[in-house]
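Reading through the structure tokens given below for one structure.
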Number of protein chains: 2
Amino acid sequence: MIKVFGHFSPDTDSTGSPLIWAWYLSQVRNTPAQAVLLGQPNSEAKFVLNHWGMDQPDILTDLPAGTPVVIVDTNNPAELPATINQADILAIIDHHKLVGGLETKGPIDITMRPLACTATIMHELIGADMAQAPRAIKGLMLSCILSDTLEFRSPTTTPTDRALADALAEDLGVDMGELASAMFAAKSDISSFSDAELLRMDSKNFEVGDKKFRVSVLETTSPGQVLARKDSLMRSMETVAAEDGADQVLLFIVDILNEEATLLLPNDLTRRLAQKSFGVDATGDNVVLPGVMSRKKQIIPVLAL
Amino acid sequence: MIKVFGHFSPDTDSTGSPLIWAWYLSQVRNTPAQAVLLGQPNSEAKFVLNHWGMDQPDILTDLPAGTPVVIVDTNNPAELPATINQADILAIIDHHKLVGGLETKGPIDITMRPLACTATIMHELIGADMAQAPRAIKGLMLSCILSDTLEFRSPTTTPTDRALADALAEDLGVDMGELASAMFAAKSDISSFSDAELLRMDSKNFEVGDKKFRVSVLETTSPGQVLARKDSLMRSMETVAAEDGADQVLLFIVDILNEEATLLLPNDLTRRLAQKSFGVDATGDNVVLPGVMSRKKQIIPVLAL
């Protein structure tokens with residue numbers, strides 16, 4: 001049985017896309033496949049599963065050598081089980097930059113496209129067979145696009161993602177604005193998470209010079225909820241960084257509706273980084289970055305010290 | 001101007017595929033692009049260029065940082081300029097195993113498929129726009145497939161490659177058998193090459209245990225021409241291995257028509273490798289391996305010491 005999975009700390013795309021591809025392999029290609037998760041899905045992904053009537057996939061606890069796998073929504077070994085190169089990697093479908101580190105024993109199917117969302121790439125690959133897709137699969141696709149594009153506000157959005165979302169919404173008879181609002185509200189309720197969980201929820205490692213950063217993002221329609229916990233979040237950064245082998249956690253609180261990010265500044269290192277990276281004069285314990293929505297397009301490429 | 005290129009020591013696929021893709025980008029997608037080569041094409045590739053009336057592409061001598069490039073027929077940094085990761089890699093189209101080592105600054109187009117030939121993948125990507133392709137472009141595609149599949153004898157051949165070659169041959173009114181024979185005859189005329197050139201002409205690095213091998217293949221319809229130079233080829237192996245930082249050169253002389261390979265055995269190391277890898281009792285200075293045609297499918301996966 002092929003296991004299909006995305007990255008650690010699954011968001012909506014890394015939860016929905018494995019289900020879409022496992023459906024396609026199993027039901028269209030007659031190749032038994034199972035979607036699994038590399039950890040608990042975030043609260044938006046849980047809402048999406050429930051909204052479209054899908055059971056939450058099992059969490060992968062063990063990956064025996066030689067297990068046939070399809071990797072989606074990442075090509076970064078750091079976001080995958082440590083033994084990933086001992087698995088039998090059959091295919092990779094992704095929309096991130098090529099990182100290097102994954103290796104395969106023979107030629108395989110790899111499709112990477114500069115689109116906002118893995119599900120959009122899958123729609124192209126599935127082609128005419130999409131006619132067989134049940135409502136829940138189309139619904140997952142729509143939700144993945146709305147999530148990864150922040151309802152088309154993110155600069156990662158392409159006309160292809162937008163056109164597909166429009167077509168799916170019309171086909172399903174769904175009001176995209178209402179669905180996106182409900183998804184973002186689910187993601188914005190952070191009351192059940194500890195500070196450390198929030199700092200690790202959507203986080204990627206990135207090095208600037210000789211410093212290792214954990215670049216964490218919280219996308220929310222209710223930034224006040226996060227900012228109310230600012231002091232304890234900043235205290236938690238030290239523990240999380242130490243435990244995860246990083247020099248510093250950076251937390252960007254992305255205000256989806258106002259299209260801006262707030263970066264917390266617990267110390268001189270983060271203030272210097274904010275100044276060098278975004279050209280802002282940062283003296284307090286946080287700074288607002290107008291228009292910044294995308295780690296991939298607007299944060300990682302400019303980080304400097 | 002985008003540079004499109006394949007691997008060092010260009011064979012027919014690494015010569016023809018850059019020309020096909022540069023045509024597609026320039027003429028169909030209105031994106032100026034130029035095919036270039038990473039070295040002199042082999043004698044089959046030169047024949048193919050001449051046969052279809054195409055000028056030999058320039059050889060790339062310099063790759064300034066930031067040059068926009070499309071990489072075809074490889075994803076292995078060892079087969080590309082040392083500064084490849086400083087180029088602006090726009091896309092990768094390949095049919096080899098994922099090696100790791102290439103890195104991109106942002107998300108890009110990557111299409112890798114387990115097909116015999118890069119040109120077959122390009123045909124799928126070009127889709128309906130193939131109707132605009134001139135005769136020479138279709139001819140290059142056909143020649144790339146005949147070359148990489150050894151006229152469908154290689155186990156790397158897939159039904160997709162075969163069906164496309166049939167369709168192109170019919171469209172072009174070409175006798176595939178005649179074309180393949182002429183191509184293989186061109187490749188088999190080795191009189192103008194030194195021993196060292198023959199050992200490096202189609203060669204990939206591969207490690208077995210703590211030993212580094214240069215795994216070289218000569219595909220020929222005239223194995224006698226190569227075997228007549230057996231003694232001096234074996235003497236040259238020491239110099240080539242030393243110059244290229246390898247422990248040993250392995251030379252497989254692939255007899256295309258008789259569908260077998262002869263492995264030269266200059267010393268105990270190669271005899272032990274032949275015994276462990278292919279289960280043959282090897283005492284002389286060469287051994288015949290019936291049915292062995294493909295380095296990718298039948299040599300690299302079984303190499304052992």
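The values are calculated or read from the model by the stated rules, or taken from the named source; none is laboratory data. These numbers come from a predicted model, not from an experiment. Positions of Cβ are backbone-derived with ideal geometry, glycine not excepted, and every protein chain shown enters the neighbour counts. The protein model used for the area step is the full one, side chains on, heavy atoms only, and it has no ligands, DNA or RNA in it. Shrake-Rupley method; radii C 1.70, N 1.55, O 1.52, S 1.80 Å.
Summary table below
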| quantity | calculated |
| --- | --- |
| Number of the condition not met by A:PHE213 [criteria: (1) open to solvent by 40 Å² or more (accessible area, probe 1.4 Å); (2) farther than 24 Å from A:ARG153 by Cβ] | (1) |
| Residue ID - most open to solvent (accessible area, probe 1.4 Å), chosen from residues in the stretch A:176-194 that are of a type outside the set (Gly, Ala, Ser) and part of a helix (DSSP H, G or I) | A:GLU178 |
| Which listed residue, of A:SER26, A:SER14, is in the same structural domain as A:ALA82 (by TED's automatic domain parsing), over 24 Å from A:THR221 (Cα atoms) and assigned to a helix (DSSP H, G or I) | A:SER26 |
| Any chance A:GLN27 is open to solvent by 30 Å² or more (accessible area, probe 1.4 Å), within 25 Å of A:ALA128 (Cβ to Cβ) and out of contact with any Ser or Thr (no Cβ under 6 Å at 6 or more places or on another chain) | yes |
| Residues of the stretch B:148-175 that turn out to be of a type in the set (D, E, K, R) and assigned to a loop (DSSP other than H, G, I, E, B), as a count | 3 |
| Single residue of the stretch A:199-219 satisfying the filter (without any contact (Cβ under 8 Å) to a residue 40 or more places away in the chain and not in a loop (DSSP other than H, G, I, E, B)) that is nearest to A:GLN132 (Cα to Cα) | A:LEU218 |
| Some residue of the stretch B:44-60 being among the aromatic types (Phe, Trp, Tyr), in contact (Cβ under 8 Å) with a residue 60 or more places away in the chain, open to solvent by less than 20 Å² (accessible area, probe 1.4 Å) and more than 14 Å from chain A (Cβ to nearest Cβ) | no |
| Candidate set: the stretch A:85-97, residues that are within 9 Å of chain B (Cβ to nearest Cβ) and at pLDDT 95 or above; chosen: the one surrounded by the most Cβ atoms within 10 Å (Cβ to Cβ) | A:HIS95 |
| Filter result for A:THR270 (farther than 20 Å from A:SER203 by Cβ and among the hydroxyl-bearing types (Ser, Thr, Tyr)) | no |
| Test for B:THR120: is it of a type in the set (Ser, Thr, Tyr) and either farther than 17 Å from B:PRO18 by Cβ or more than 7 Å from chain A (Cβ to nearest Cβ) (or both) | yes |
| Single residue of B:GLY100, B:GLY66, B:GLY106 found to be surrounded by fewer than 17 Cβ atoms within 10 Å (Cβ to Cβ) and within 14 Å of chain A (Cβ to nearest Cβ) | B:GLY106 |
| Top-ranked residue in the stretch B:69-83 [being within 19 Å of the chain's Cα centre (by Cα) and surrounded by fewer than 19 Cβ atoms within 10 Å (Cβ to Cβ); ranked as farthest from the other protein chains (Cβ to nearest Cβ)] | B:PRO81 |
| Residue count, the stretch A:109-140 (criterion: buried (at least 19 other Cβ atoms within 10 Å of the Cβ), of a type in the set (Gly, Ala, Ser) and either farther than 18 Å from A:VAL70 by Cα or not assigned by TED's automatic domain parsing to the domain that holds A:ILE71 (or both)) | 3 |
